[in-house]
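K.L.:
I'd like to ask some things about the structure below.
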Amino acid sequence: MNTVFLPLIFLAITLSTIQSVAQTNELANRLFDIHQQYRETLLTQRRFKQKDILPLIARRKENKLYTITSVGSSFEGRDIQMLKVGTGPKKILLWTQMHGDEPTATMATFDILNFLEGTQDGLDDFRNDIMKNTTLYFVPMLNPDGAERYQRRNAQEIDINRDALALQAPESVILKNLQQTLQPEFGFNLHDKNPRYSVGNTAKLATVSFLATAYDQEKNVNSVREKSMQVIAVMNRALQNFIPGQVGKWNEDFEPRAFGDNIQKWGTTLILIESGGYAGDPEKQFIRKLNFIAILTGLGSIANNTFVNEGREEYRALKENSRYIYDLLIKNVTAERDGKKYKTDVGINRYEVNQHDAHSFFYKSIIEEYGDLSIFSGTEELDAAGMEIEAGKVHPVKYKDLTFFNQEKAWSLLKEGYTYILLDAKVPGTEPIQVPLHILNKKSPPSGTPALDDAATFVLKKDGRIKYAVVNGFVHDLEKPFVRIGNGLIE
């Protein structure tokens with residue numbers, strides 16, 4: 001090649017890249033602004049069941065945009081449906097909730113369907129590109145039995161995403177049959193993950209993570225997997241506008257039983273999206289919006305073939321998920337054991353406990369770690385330098401029930417240092433309460449510094465005065481007006 005033309009070629013590539021970045025950013029911002037218009041209002045909380053989405057599918061049966069088919073039944077006989085939309089040559093299969101307690105992308109799916117039905121919003125050309133150049137196959141809830149219980153596994157207690165080879169679950173058979181019969185060029189495998197993952201060893205939550213799944217132990221890259229990396233590069237660029245530094249990469253190790261890895265091996269370009277945590281978004285409504293943006297941006301790049309201009313570098317630069325985040329991290333607190341005082345950090349996590357029909361839940365918080373946690377971060381952090389940690393007081397009166405308590409009464413007890421209340425009558429099971437108190441009807445009152453794996457209820461004192469009460473892992477500043485955070489606990 002004539003070396004005279006090399007600078008011109010480099011300049012052309014650079015200008016093309018700059019233009020591509022600008023277009024992605026402009027599209028992402030427009031999708032961000034327009035999401036509220038298409039947000040499915042019947043899905044406002046993440047704990048829903050199949051019965052909640054069936055009306056959303058049924059209302060589209062008369063819409064000529066869609067072909068809706070039954071693709072099989074779950075282990076407990078629930079009908080699993082697929083919506084086909086678009087008329088283009090590029091087939092794309094998208095499935096959500098193969099784990100029943102991972103619903104973020106299901107919400108986003110119905111937002112996307114609403115968008116595809118839209119018009120005159122300034123994005124008609126973009127929408128038409130997707131509809132004319134791709135055919136989309138949405139399975140919005142692959143594991144309805146798991147969703148019924150809000151649990152990861154199906155009714156057989158099988159992890160569908162570890163059943164691509166044995167096919168012991170009917171839901172696994174459905175997914176493989178779809179891949180084998182449709183032979184889609186692309187597949188979007190849509191998940192949620194533990195909300196405490198960090199981006200590498202940084203203090204940033206991995207709000208969204210991507211993965212171009214490996215198809216062999218050596219993690220080789222063929223043309224099928226390379227396309228995954230290229231589409232992910234586009235989606236990552238879009239999300240960096242809204243969560244800079246909070247996009248991670250899922251573990252790339254080959255899992256021979258997993259659907260993502262095998263679908264990549266079977267010839268479908270597989271894009272894995274994992275929705276994690278975002279501070280102040282327990283119902284994942286902002287992360288739902290991010291899914292809307294990322295998936296549509298990715299689909300658009302496939303529809304107009306612009307993803308082919310991407311390299312592997314942007315994907316490779318994503319930092320792999322790590323576990324460097326606690327829900328609550330208390331730093332530099334003074335503890336006492338055996339009459340000896342010492343400084344330590346305290347790591348606390350809040351775990352969701354299903355309640356009744358699994359549509360609702362409460363938190364049960366645990367002290368996970370003591371020691372030097374300087375390399376960790378907290379979604380919420382409190383510097384307790386100069387403060388001492390100890391169990392709160394137990395109120396001397398035994399109560400027959402909880403009707404006596406309201407927010408104001410509970411707050412006044414906390415300010416007096418009472419975190420524990422005794423019940424005279426037993427309340428069966430572990431239940432939440434909507435006041436910041438820890439109710440004991442089975443356990444003995446604690447004393448001293450709480451132990452590892454204890455419930456995270458205690459007080460923080462400074463100069464002998466109680467400054468903070470921590471009840472079931474939620475911090476209450478006793479020098480400020482009461483604002484209810486989280487829930488108390490009965491045990």
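The values are calculated or read from the model by the stated rules, or taken from the named source; none is laboratory data. Source: prediction; values computed, not measured. Here the Cβ is made from the backbone with ideal geometry for all residues, glycine too, and neighbour counts use every protein chain on show.
K.L.:
Identify the single condition in (1) within 27 Å of the chain's Cα centre (by Cα); (2) not assigned by TED's automatic domain parsing to the domain that holds residue 197 that residue 313 does not satisfy, given that it satisfies every other one.
P.N.:
Condition (2) is where residue 313 drops out.
K.L.:
Quick check on this structure: which one of 243, 158 is aliphatic (A, V, I, L, M), modelled with pLDDT of 95 or more and in contact with a Leu (Cβ under 8 Å, 6 or more places away or on another chain)?
P.N.:
243 is the lone residue from the list that is aliphatic (A, V, I, L, M), modelled with pLDDT of 95 or more and in contact with a Leu (Cβ under 8 Å, 6 or more places away or on another chain).
K.L.:
Next question, about the same structure. Filter the range 107-151 down to residues that are out of contact with any Phe, Trp or Tyr (no Cβ under 8 Å at 6 or more places or on another chain), among the β-branched types (Val, Ile, Thr) and farther than 19 Å from residue 185 by Cα, then give me how many there are.
P.N.:
Within the range 107-151, residues that are out of contact with any Phe, Trp or Tyr (no Cβ under 8 Å at 6 or more places or on another chain), among the β-branched types (Val, Ile, Thr) and farther than 19 Å from residue 185 by Cα number 1.
K.L.:
Name the residues in the range 265-324 that are aliphatic (A, V, I, L, M) and part of a helix (DSSP H, G or I), would you?
P.N.:
Initial filter on the range 265-324 (aliphatic (A, V, I, L, M)): 270-273, 279, 287, 290, 293-296, 299, 302-303, 308, 317-318.
Scanning the range 265-324 gives 287, 290, 293, 294, 295, 296, 299, 302, 303, 308, 317.
K.L.:
Return the residues of the range 301-318 that are crowded, with 16+ Cβ neighbours inside 10 Å, farther than 30 Å from residue 48 by Cβ and among the β-branched types (Val, Ile, Thr); say none if nothing qualifies.
P.N.:
306
K.L.:
Here are the criteria: (1) closer than 27 Å to residue 153 by Cβ; (2) surrounded by fewer than 24 Cβ atoms within 10 Å (Cβ to Cβ); (3) out of contact with any helix residue (DSSP H, G or I) (no Cβ under 7 Å at 6 or more places or on another chain); (4) not polar (S, T, N, Q). Tell me which single one residue 221 does not satisfy.
P.N.:
Only one criterion in (1) closer than 27 Å to residue 153 by Cβ; (2) surrounded by fewer than 24 Cβ atoms within 10 Å (Cβ to Cβ); (3) out of contact with any helix residue (DSSP H, G or I) (no Cβ under 7 Å at 6 or more places or on another chain); (4) not polar (S, T, N, Q) is unmet by residue 221, namely (1).
K.L.:
Also, quick follow-up: Among the residues in the range 276-286, are any more than 17 Å from residue 194 (Cβ to Cβ), modelled with pLDDT under 95 and surrounded by fewer than 17 Cβ atoms within 10 Å (Cβ to Cβ)? I'd like the intermediate steps shown before the answer.
P.N.:
Residues of the range 276-286 more than 17 Å from residue 194 (Cβ to Cβ): 280, 285-286.
If we keep only those that are modelled with pLDDT under 95 too, we end up with 280.
Applying the additional criterion that residues be surrounded by fewer than 17 Cβ atoms within 10 Å (Cβ to Cβ) yields 280.
For the range 276-286, residues more than 17 Å from residue 194 (Cβ to Cβ), modelled with pLDDT under 95 and surrounded by fewer than 17 Cβ atoms within 10 Å (Cβ to Cβ): present.
K.L.:
May I pose another question? If I ask for residues that are surrounded by fewer than 18 Cβ atoms within 10 Å (Cβ to Cβ) and of a type in the set (A, V, I, L, M), which ones from the range 339-357 would you list? Before you say what the answer is, go through the steps one by one.
P.N.:
Step one: of the range 339-357, the residues surrounded by fewer than 18 Cβ atoms within 10 Å (Cβ to Cβ) are 339-343, 351-357.
Listed by number, the list holds a single entry, 353.
K.L.:
Surrounded by 19 or more Cβ atoms within 10 Å (Cβ to Cβ), in the same structural domain as residue 31 (by TED's automatic domain parsing) and assigned to a loop (DSSP other than H, G, I, E, B), is that true of residue 141? Can you show your working first?
P.N.:
Values: surrounded by 19 or more Cβ atoms within 10 Å (Cβ to Cβ): yes; in the same structural domain as residue 31 (by TED's automatic domain parsing): yes; assigned to a loop (DSSP other than H, G, I, E, B): yes.
Yes; evaluated as a whole, the condition is true for this residue.
K.L.:
Moving on. When you scan the range 191-221, how many residues do you find that are farther than 24 Å from residue 98 by Cα, modelled with pLDDT of 95 or more, assigned to a loop (DSSP other than H, G, I, E, B) and of a type in the set (A, V, I, L, M, F, W, C)?
P.N.:
So the answer is 1.
K.L.:
Go through the range 241-264 and report how many residues are polar (S, T, N, Q) and either in a strand (DSSP E or B) or closer than 18 Å to residue 180 by Cα (or both). Walk me through it before giving the result.
P.N.:
Start the filter on the range 241-264 by keeping residues that are polar (S, T, N, Q), which leaves 241, 246, 251, 262, 264.
Still in the list and also either in a strand (DSSP E or B) or closer than 18 Å to residue 180 by Cα (or both): 262, 264.
Counting residues in the range 241-264 that are polar (S, T, N, Q) and either in a strand (DSSP E or B) or closer than 18 Å to residue 180 by Cα (or both) gives 2.
K.L.:
What strands (runs of 3 or more DSSP E) lie completely within the range 408-491 and have 1 or more residues being farther than 13 Å from residue 392 by Cα and among the charged types (D, E, K, R)?
P.N.:
Numbers: elements: 418-423, 431-433, 438-440, 458-462, 465-471, 474-477, 488-490.
Those strands (runs of 3 or more DSSP E) span 431-433, 458-462, 474-477.
K.L.:
Same structure, new question: Given the options 369, 336, name the one that is in contact (Cβ under 8 Å) with a residue 40 or more places away in the chain, surrounded by fewer than 19 Cβ atoms within 10 Å (Cβ to Cβ) and closer than 27 Å to residue 205 by Cα.
P.N.:
Numbers: 336 fails: closer than 27 Å to residue 205 by Cα.
Within the list 369, 336, the selection yields 369.
K.L.:
Please tell me if residue 328 is under 30 Å from residue 126 (Cβ atoms), aliphatic (A, V, I, L, M) and buried (at least 22 other Cβ atoms within 10 Å of the Cβ). First the steps, then the outcome.
P.N.:
Working: under 30 Å from residue 126 (Cβ atoms): no; aliphatic (A, V, I, L, M): yes; buried (at least 22 other Cβ atoms within 10 Å of the Cβ): yes.
When the stated conditions are applied, residue 328 does not pass them.
K.L.:
Could you list all residues from the range 382-429 that are surrounded by 15 or more Cβ atoms within 10 Å (Cβ to Cβ) and among the charged types (D, E, K, R)?
P.N.:
Those that are surrounded by 15 or more Cβ atoms within 10 Å (Cβ to Cβ) and among the charged types (D, E, K, R): 388, 390, 393.
K.L.:
Test residue 291 against the criterion of being closer than 24 Å to residue 30 by Cβ, at pLDDT 95 or above and assigned by TED's automatic domain parsing to the domain that holds residue 202, and give yes or no. Walk me through it before giving the result.
P.N.:
On the way: closer than 24 Å to residue 30 by Cβ: yes; at pLDDT 95 or above: yes; assigned by TED's automatic domain parsing to the domain that holds residue 202: yes.
When the stated conditions are applied, residue 291 passes them.
K.L.:
Okay, next question. In the range 222-240, which residues are of a type in the set (S, T, N, Q) and not in a loop (DSSP other than H, G, I, E, B)? Break it down into steps so the answer makes sense when it comes.
P.N.:
Initial filter on the range 222-240 (of a type in the set (S, T, N, Q)): 222-223, 228, 230, 236, 240.
The answer is 223, 228, 230, 236.
K.L.:
Kindly indicate whether residue 321 is of a type outside the set (Lys, Arg), touching a residue at least 60 places away in the same chain (Cβ under 8 Å) and surrounded by fewer than 24 Cβ atoms within 10 Å (Cβ to Cβ).
P.N.:
Criteria met by residue 321.
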